[in-house]
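A.B. asks: Here's a structure for you.
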Amino acid sequence: QVQLVESGGGLVQAGGSLRLSCAASGTIWSIGDMGWYRQVPGKERELVARIAKSGDTNYAISVKGRFTISRDNAKNAVYLQMNSLGPEDTAVYYCYCNQWSWRQMSDYWGQGTQVTVSS
């Protein structure tokens, strides 16, 4: 019912920056939390950053101070500004959101976008 489309991934050198964007479309009632997760082969998907509708944020310890999450509720969009990137940040990054549609909370995921940081 809700589709999430990411953009902004790519190849960057260590120390560089990237900005990821994600826009939600489809049957949108009222999106709650939005966020970014990442996954590398052989490891579980992990939280990168998450932002509530109120603007309250949570960050993984490994990215705190380097990444900034923001959202635009009018556009149903979420962004991730990534600075001081290192090879350890290489992963597939997934956009996330949830929303209530009367008595049911649903989670939605984007298709993922590759971020590769070269040393």
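The values are calculated or read from the model by the stated rules, or taken from the named source; none is laboratory data. Fair warning: this is a prediction, and the values are worked out from it, not measured in the lab. Here the Cβ is made from the backbone with ideal geometry for all residues, glycine too, and neighbour counts use every protein chain on show. Only protein heavy atoms, including side chains, enter the accessible area calculation; ligands, DNA and RNA are left aside. Shrake-Rupley method; radii C 1.70, N 1.55, O 1.52, S 1.80 Å.
A.B. asks: Can you give the Rg to Rh ratio for segment 46-106, taking only C-alpha atoms and Rh from Kirkwood? Please list the in-between numbers first.
C.D. replies: Numbers: Rg = 13.2 Å, Rh = 13.1 Å.
On the Cα set of segment 46-106, Rg over Rh gives 1.01.
A.B. asks: Further question: List the trypsin sites (Lys or Arg not before Pro) in segment 1-88 that DSSP assigns to loop (not H, G, I, E or B) and whose Cβ has at most 16 other Cβ atoms within 10 Å. Which are they?
C.D. replies: Of the trypsin sites (Lys or Arg not before Pro), the ones in loops of segment 1-88 whose Cβ has at most 16 other Cβ atoms within 10 Å are 43, 45, 53, 64, 66.
A.B. asks: If you take the Cα Rg of the chain and divide it by 2.2 N^0.38 Å, with N the number of residues, what do you get? Could you put the intermediate results ahead of the total?
C.D. replies: On the way: Rg = 14.0 Å, N = 119, 2.2 N^0.38 = 13.5 Å.
Computed over Cα atoms of the chain, the ratio equals 1.03.
A.B. asks: Semi-axes of the equivalent ellipsoid for segment 72-112, please: Cα gyration tensor eigenvalues, times 5, square-rooted, ordered largest first, whole Å.
C.D. replies: Details: eigenvalues 149, 37, 10 Å².
For segment 72-112, the semi-axes come out at 27, 14, 7 Å.
A.B. asks: Could I ask something else about it? Compute the label zone of residue 47 within segment 82-104: residues whose backbone N is under 17 Å from the point 7 Å along Cα-to-Cβ.
C.D. replies: Correct set: 94-99.
A.B. asks: By the 4.7 Å beta carbon criterion, which cysteine residues of the chain come out unpaired?
C.D. replies: For the chain, the answer is 97, because their Cβ atoms have no other cysteine Cβ under 4.7 Å.
A.B. asks: Still on this structure, I have one more. Given the Cα-Cα distance of residue 7 and residue 88 and 0.36 nm per residue of separation, how much length would full extension add, in nm? Can you show the working numbers first?
C.D. replies: Values: separation 81, 0.36 × 81 = 29.16 nm, distance 2.02 nm.
Stretched out fully, the residue 7 to residue 88 stretch lengthens by 27.1 nm.
A.B. asks: Still on this structure, please answer the following. Measuring from label point to label point, each 7 Å out along Cα→Cβ, what is the residue 102 to residue 81 span in nm?
C.D. replies: Result for the modelled spin labels: 4.1 nm.
A.B. asks: Could you work out the longest stretch of the chain that avoids the chymotrypsin sites (Phe, Trp or Tyr not before Pro) located in DSSP loops with at most 12 other Cβ atoms within 10 Å?
C.D. replies: Values: sites that count: 29, 102.
Longest gap between qualifying sites, sites excluded: 30-101.
A.B. asks: Still on this structure, I have one more. Give me D for segment 5-67 in µm² s⁻¹, whole number, from Stokes-Einstein with Rh from the Kirkwood sum over alpha-carbon pairs, 37 °C and 0.692 mPa s.
C.D. replies: Numbers: Rh = 13.7 Å.
Estimated via Stokes-Einstein, D reaches 239 µm²/s.
A.B. asks: Using a Gaussian network for the chain with springs between C-alpha atoms less than 10 Å apart, which of these wobbles most: 81, 39, 104?
C.D. replies: 104
A.B. asks: Counting only protein heavy atoms, what percent of the accessible surface of segment 1-84 is carbon or sulfur at a 1.4 Å probe? Don't skip to the answer; put the middle values down first.
C.D. replies: Values: 2250 of 4580 Å².
Carbon and sulfur together cover 49 percent of it.
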